[in-house]
Each structure stands twice: as C-alpha cells, then as structure tokens.
Amino acid sequence: MTTNILKNKSIKSLVAFLVIGAILLNSHLSISQAADAEELPSILTMSEALELAAINNLDIKIAEAEMNRTNISKSQQSGLAKADASTGSYDGDLMIEVAKVNKKLLPQLTEASFDTKKIEVELSVKSAYSQLVYAKEAFELAKKYKVQTGESYEFIQKKYGLGQASNIEVLSAEAEVSAKDSELIQAEITYKQKLMDMNQLMGQQLDKEWSLDKEVATSVIELPASEVMKTHMNANHPMILSSNLNYNIAETTFDLAKGYYPPNVWTYRYAEQDFNKAKYQHELTLLSQEKNLSQAYIGLKGSVESLKALEKSVENISESYRISKVRFELGMITSHDLNEALLALQRMENNLLNARLNYQLSIAQLEYISGYKIVK
C-alpha cells in the first residue's frame with residue numbers, strides 16, 4: 001500500500017515537472033520568436049513608402065501650412081471684396097475689384113502649388129526607393145564578388161603550391177581581393193546613405209532598416225502613347241494649372257485696370273506689363289513641359305532597349321565565365337584569363353544593375369513631368 005502511494009506521488013511529481021518544463025520551454029520559444037520578429041526589418045513597398053511620405057514628409061507639411069495661411073488671407077480678401085466698389089477713389093475701387101478676383105483664384109493657385117509640391121515629393125520618394133533597392137543590390141553583389149575573388153585566390157594558392165601558378169599570379173589575386181574589400185566597404189556606405197535619404201523623406205528614423213520589394217528592379221511597364229500623356233498633362237498637371245491661374249489673374253487685373261484708367265496712368269502700365277509677363281511665362285511653361293515630356297518619353301524608351309540588350313549580354317557572358325572556369329581547371333587557360341572573364345562578368349552585372357536603376361528613374365521622371373500614373 002505504502003509502495004503504491006509512493007509510486008503515485010512520484011508519477012504526479014514527474015508529470016508536474018514535465019508540465020512546468022513544457023510551460024517554460026514554450027515561454028522561452030515565444031520570447032525567442034518575438035525577439036526574432038523584432039529583429040526582422042519591416043517590409044516596405046513603393047506604395048507604402050509614398051503613403052508614409054504623404055503623412056510625414058516635412059516639405060509637404062510646410063506646403064500645407066502655406067496653403068492654410070492663404071486660406072486665412074482669403075478671409076481678409078472676402079471682407080474687402082464685400083465692400084461697395086464706389087468709394088470715389090479709383091485706386092480704392094480697383095483694389096476692391098482685384099480682391100474679388102483674388103478671393104476666387106488665389107485659393108486655387110495655392111492648392112495647385114500644394115499639389116505640385118506633393119508631386120515633387122512623390123518623384124523624390126520613387127527615385128529614392130529605386131536608388132535604395134539598387135544600392136542594396138549593389139551591396140549584395142559586392143559581397144558575392146568578394147567571395148568569388150576569395151575562392152579564386154585560394155584556388156591559385158593551391159596551384160602555386162603545386163608549381164602550376166607563378167608568384168605574380170598569386171600577387172595579382174591578392175590585389176584583387178583587396179580591391180573587392182574596398183568595393184564592399186564603399187557599397188555598404190552608399191547603401192547606408194540611400195537608406196537615410198529614404199527614411200528622411202518618409203519621416204522615419206534615419207537608420208531604420210527595411211525589407212524591400214525587389215520586383216521594382218525588374219518590373220516592365222506598358223508605356224502609353226505620348227499624345228495620351230501630353231493631353232493628360234495639359235489638362236491636369238498642377239504646374240500647368242498654376243501657370244493658367246497666374247495668367248488668368250494677370251489678365252483679369254489688366255482688364256479691370258483698363259476699365260478704370262487710361263493707358264498713360266502708372267497703374268494701367270504696371271497691370272499691362274504684369275499681364276504680358278504672365279502671358280509669356282505661361283507660354284514658356286507649356287513649351288518647357290512639352291519639351292521635357294518628349295525628352296523623358298524618348299529617354300524611357302531608350303532605357304527599355306538598353307535594359308533588354310544588357311539582360312541578354314549578362315546571360316551570354318555568364319555562360320562564357322562558366323566555360324572559362326572549366327577550361328582553367330583543365331589547365332587550358334591561365335589564372336589571368338580566368339580573372340579577366342570574372343571581371344568582365346562583374347562589370348556586365350553592374351552595368352545591368354545601373355540600367356535597371358536608370359529605367360526606374362526614367363519612369364519616375366516621366367510620371368513627374370506628365371502627371372500620368374504609368375505604374376498603377
């Protein structure tokens with residue numbers, strides 16, 4: 001009987017011990033998993049970067065404050081515009097009529113300026129995001145190149161030990177390893193700088209790490225016709241709308257001045273010159289935007305062709321390097337020849353990386369100029 005009681009107590013103690021152990025283990029795993037989750041960088045897509053910038057970017061906040069200030073000024077203009085435009089003073093009557101114009105058009109002008117600032121920030125975000133993606137890619141490539149040159153150096157050392165490679169070949173391989181170390185350091189510095197640029201635009205901590213959407217590196221878009229983009233730009237782009245409003249304000253003010261003064265009066269002359277200036281500035285804005293659109297459109301099409309050609313070249317030279325490695329192992333070529341083949345591949349990979357960056361920047365630039373969302 002006593003033996004059974006002791007057995008039951010032992011079993012209960014063992015079960016309790018196992019339960020406590022399981023609880024502690026699960027608790028440890030949960031803490032460990034939570035810590036791992038905290039260490040993982042947040043995922044950042046282009047659209048999320050744009051959303052964060054729209055909320056936190058300081059340039060947008062400044063532009064918004066300026067717009068709100070103009071709205072306050074609008075209230076002042078409203079009070080003046082309600083006055084009777086028959087004060088007996090030409091200058092006073094004209095001021096009242098101009099206030100009526102400003103009451104209507106100035107808020108629209110300020111909103112157009114605010115929208116222009118948002119488009120500028122959007123371009124900056126898209127450019128910074130693309131540059132960050134490619135800086136990270138370049139950093140990863142630099143790591144890969146360091147490993148490749150290290151492996152090559154070790155292999156040449158072995159051949160040197162067997163009397164199959166010269167001392168010069170070993171020294172050349174050592175120099176290449178040192179060069180790749182330097183390139184890796186520079187690639188990391190560039191990546192950190194681009195990371196700070198991106199975080200500043202989004203109003204985040206400057207050193208905050210992100211997991212990036214690398215599809216931006218290879219995504220190919222369908223380019224609409226240039227005339228479609230031009231029509232959209234002329235009808236919707238804040239820069240052109242702002243220019244239109246400036247021109248309308250100057251034209252209306254001049255029309256009012258003509259109704260109050262003869263051409264030999266200073267007020268008339270000033271209003272006339274303001275109108276001429278606004279007219280020429282508007283024409284220049286339209287011409288500049290059309291030229292910029294054409295240049296950006298041609299540039300993007302050229303980027304597409306360059307990207308396609310380089311992608312094909314990288315495929316070919318990768319195969320060439322693979323064959324060179326086989327020939328080197330068979331003693332058919334020297335380590336110098338193999339190193340040249342590797343450097344050619346690395347140069348081509350870097351060229352492809354730069355071409356992809358230029359392609360994405362060209363898309364962002366064309367969107368900025370046209371106001372047309374190419375990437376939905």
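Using the Cβ atoms and a cut-off under 9 Å, what net charge is assigned to the surroundings of A187, where Lys and Arg are +1 and Asp and Glu are -1? Please list the in-between numbers first.
On the way: positive: K143; negative: E140, E183, E188.
Around A187, the surrounding residues sum to -2.
Using each residue's phi in the range 164-171, evaluate 6.51 cos²θ - 1.76 cosθ + 1.60 at θ = phi - 60° and report the 3J(HN,Hα) Karplus result to the nearest Hz, with x for Gly and Pro.
9, 9, 8, 5, 4, 5, 5, 4
Roughly how many nanometres apart are two label points built 7 Å out from the Cα toward the Cβ at E290 and Y268?
Result: 3.4 nm between the two label points.
Net charge around S226, counting only other residues with Cβ within less than 13 Å of its Cβ (Lys, Arg = +1; Asp, Glu = -1)? Walk me through the numbers on the way to the answer.
Working: positive: K230, K291, K301; negative: E227, E290.
Net of charged neighbours comes to +1.
Step through the residues of the range 341-353 one at a time and calculate ³J(HN,Hα) from phi using the Karplus curve (6.51 cos²θ - 1.76 cosθ + 1.60, θ = phi - 60°), rounding each to whole Hz and writing x for Gly and Pro.
Whole-Hz 3J(HN,Hα) from phi for the range 341-353: 5, 5, 4, 4, 5, 5, 4, 5, 5, 5, 4, 5, 4.
Kindly rank 116-129, 295-308 from highest to lowest mean number of other beta carbons found within 10 Å of each residue. Before the final figure, lay out each step's value.
On the way: 116-129: 20.1, 295-308: 16.1.
Result, highest mean Cβ count within 10 Å first: 116-129, 295-308.
Please report the net charge: other residues with Cβ closer than 10 Å to the Cβ of L241, K and R +1, D and E -1. Intermediate results must be reported in sequence, preceding the final value.
Details: positive: none; negative: E111, D115.
Residues near L241 contribute -2 overall.
Show me, for the range 328-337, the HN-Hα J-couplings you get by feeding each phi into the Karplus relation (A = 6.51, B = -1.76, C = 1.60, θ = phi - 60°), rounded to Hz, glycine and proline as x.
5, 5, 8, x, 8, 9, 8, 5, 4, 4
Using the reciprocal of the averaged 1/r over all distinct C-alpha pairs, how large is the Kirkwood radius of the range 251-376 in Å? Write out the running numbers ahead of the final one.
On the way: mean 1/r = 0.0508 Å⁻¹.
Answer for the range 251-376: a Kirkwood hydrodynamic radius of 19.7 Å.
What fraction of the Cα pairs in the range 41-370, stated in percent, has a spacing above 33 angstrom? Display every interim value, and only then the final one.
Details: 27735 of 54285 pairs.
Cα-Cα pairs in the range 41-370 separated by more than 33 Å: 51 percent.
Round to the nearest 0.05 the FRET efficiency obtained for V228 and K308 when R0 = 35 Å and r is the Cβ-Cβ distance.
0.90
Computed from the coordinates by the stated procedures, all read-outs in this text should not be read as laboratory data. Since this is a predicted model, take the numbers as computed values, not measurements. Ideal geometry is used to build each Cβ from the backbone, glycine not excepted, and the neighbour counts take in all protein chains shown.
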